[in-house]
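First up is the structure itself, then whatever we jot down about it.
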């Protein structure tokens with residue numbers, strides 16, 4: 001599977017440009033919503049990407065399934081080259097739609113020990129009725 005469509009690549013590049021522009025102006029860096037989620041169909045590895053550079057290096061939240069998700073860079077080419085059992089590869093979540101900025105996903109994933117469990121907690125919290133009086 002080709003992991004990036006032209007629209008996804010453009011959105012990732014726009015986020016990178018916005019961050020570089022903020023840095024150049026001395027402004028606070030943006031906290032964008034992830035544009036795309038990749039996952040291993042035979043394991044817990046999950047990646048949420050917000051940016052891409054000219055060399056195909058993505059930035060976002062990476063979780064290899066060892067209980068310590070972290071922010072960092074990862075290569076689109078490396079993700080596309082992964083060969084898993086049964087002839088499978090890393091997949092793009094076709095139904096992913098980010099509801100939160102990357103910092104919220106990162107905080108939830110670190111607290112839960114995985115992106116998947118962190119997302120489940122975020123969804124559960126959103127479904128709870130508000131206790132405002």
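Restricting the search to the stretch 45-68, which residues are farther than 15 Å from residue 8 by Cβ and either without any contact (Cβ under 8 Å) to a residue 12 or more places away in the chain or in a loop (DSSP other than H, G, I, E, B) (or both)?
45, 54, 55, 64, 65, 66, 67, 68
Within the stretch 23-44, track down each residue that is free of Cβ contacts under 8 Å to residues at least 40 places away in the same chain and touching a helix residue (DSSP H, G or I) at 6+ places or on another chain (Cβ under 9 Å).
Result: 27, 28, 29, 30.
Right, residue 35: under 23 Å from residue 5 (Cα atoms) and surrounded by fewer than 19 Cβ atoms within 10 Å (Cβ to Cβ) or not?
Working: under 23 Å from residue 5 (Cα atoms): yes; surrounded by fewer than 19 Cβ atoms within 10 Å (Cβ to Cβ): no.
For residue 35, the condition - under 23 Å from residue 5 (Cα atoms) and surrounded by fewer than 19 Cβ atoms within 10 Å (Cβ to Cβ) - is not met.
Name the one entry in 106, 112 that is surrounded by 14 or more Cβ atoms within 10 Å (Cβ to Cβ) and closer than 26 Å to residue 53 by Cβ. Explain how you work it out, then say what you get.
Working: 112 fails: closer than 26 Å to residue 53 by Cβ.
Answer to the check: 106.
How many residues are in contact with a strand residue (DSSP E or B) (Cβ under 6 Å, 6 or more places away or on another chain) and assigned to a loop (DSSP other than H, G, I, E, B) when one looks only at the stretch 90-133?
Of the residues in the stretch 90-133, 4 are in contact with a strand residue (DSSP E or B) (Cβ under 6 Å, 6 or more places away or on another chain) and assigned to a loop (DSSP other than H, G, I, E, B).
Of the residues 21, 53, which is at pLDDT 95 or above and farther than 23 Å from residue 90 by Cβ? Before you say what the answer is, go through the steps one by one.
Working: 53 fails: farther than 23 Å from residue 90 by Cβ.
Result of the check over 21, 53: 21.
Taking the stretch 1-17 as the region of interest, how many residues are touching a residue at least 24 places away in the same chain (Cβ under 8 Å) and assigned to a helix (DSSP H, G or I)? Walk me through how you get there before you give the answer.
First, the residues of the stretch 1-17 that are touching a residue at least 24 places away in the same chain (Cβ under 8 Å): 1-4, 8-9, 11-13, 15-16.
Going one step further and asking which of them are assigned to a helix (DSSP H, G or I), we end up with 8-9, 11-13, 15-16.
Residues flagged as touching a residue at least 24 places away in the same chain (Cβ under 8 Å) and assigned to a helix (DSSP H, G or I) within the stretch 1-17 amount to 7.
Going by the conditions given, is residue 79 out of contact with any helix residue (DSSP H, G or I) (no Cβ under 9 Å at 6 or more places or on another chain), free of Cβ contacts under 8 Å to residues at least 12 places away in the same chain and closer than 16 Å to residue 2 by Cβ?
No; evaluated as a whole, the condition is false for this residue.
Take the stretch 90-103 and flag every residue that is surrounded by fewer than 15 Cβ atoms within 10 Å (Cβ to Cβ) and touching a helix residue (DSSP H, G or I) at 6+ places or on another chain (Cβ under 9 Å).
Scanning the stretch 90-103 gives a single hit, 99.
Could you grab me the full set of residues in the stretch 1-15 that are surrounded by fewer than 19 Cβ atoms within 10 Å (Cβ to Cβ) and within 16 Å of residue 101 (Cα to Cα)? Please lay out each step first, then the result.
Within the stretch 1-15, the subset surrounded by fewer than 19 Cβ atoms within 10 Å (Cβ to Cβ) is 1-2, 5-10, 13-14.
The answer is 14, and nothing else.
In the stretch 63-88, which residue that is surrounded by 15 or more Cβ atoms within 10 Å (Cβ to Cβ) and farther than 27 Å from residue 121 by Cα is nearest to the chain's Cα centre (by Cα)? Can you show your working first?
So in the stretch 63-88, the residues surrounded by 15 or more Cβ atoms within 10 Å (Cβ to Cβ) come out as 63-65, 69, 71, 74, 76, 79-80.
Filter once more, keeping what is farther than 27 Å from residue 121 by Cα: 76, 80.
Working: 76: 12, 80: 16 Å.
Once the filter is applied, the top-ranked residue is 76.
Please pick out the residue among 20, 95 that is under 20 Å from residue 123 (Cα atoms), without any contact (Cβ under 8 Å) to a residue 24 or more places away in the chain and more than 13 Å from the chain's Cα centre (by Cα).
Numbers: 20 fails: under 20 Å from residue 123 (Cα atoms).
Sole residue among the options that is under 20 Å from residue 123 (Cα atoms), without any contact (Cβ under 8 Å) to a residue 24 or more places away in the chain and more than 13 Å from the chain's Cα centre (by Cα): 95.
The values are calculated or read from the model by the stated rules, or taken from the named source; none is laboratory data. Remember, it's a predicted structure, so these values are computed and weren't measured experimentally. Every residue, glycine among them, receives a Cβ derived from its backbone with ideal geometry; neighbour counts consider all protein chains shown.
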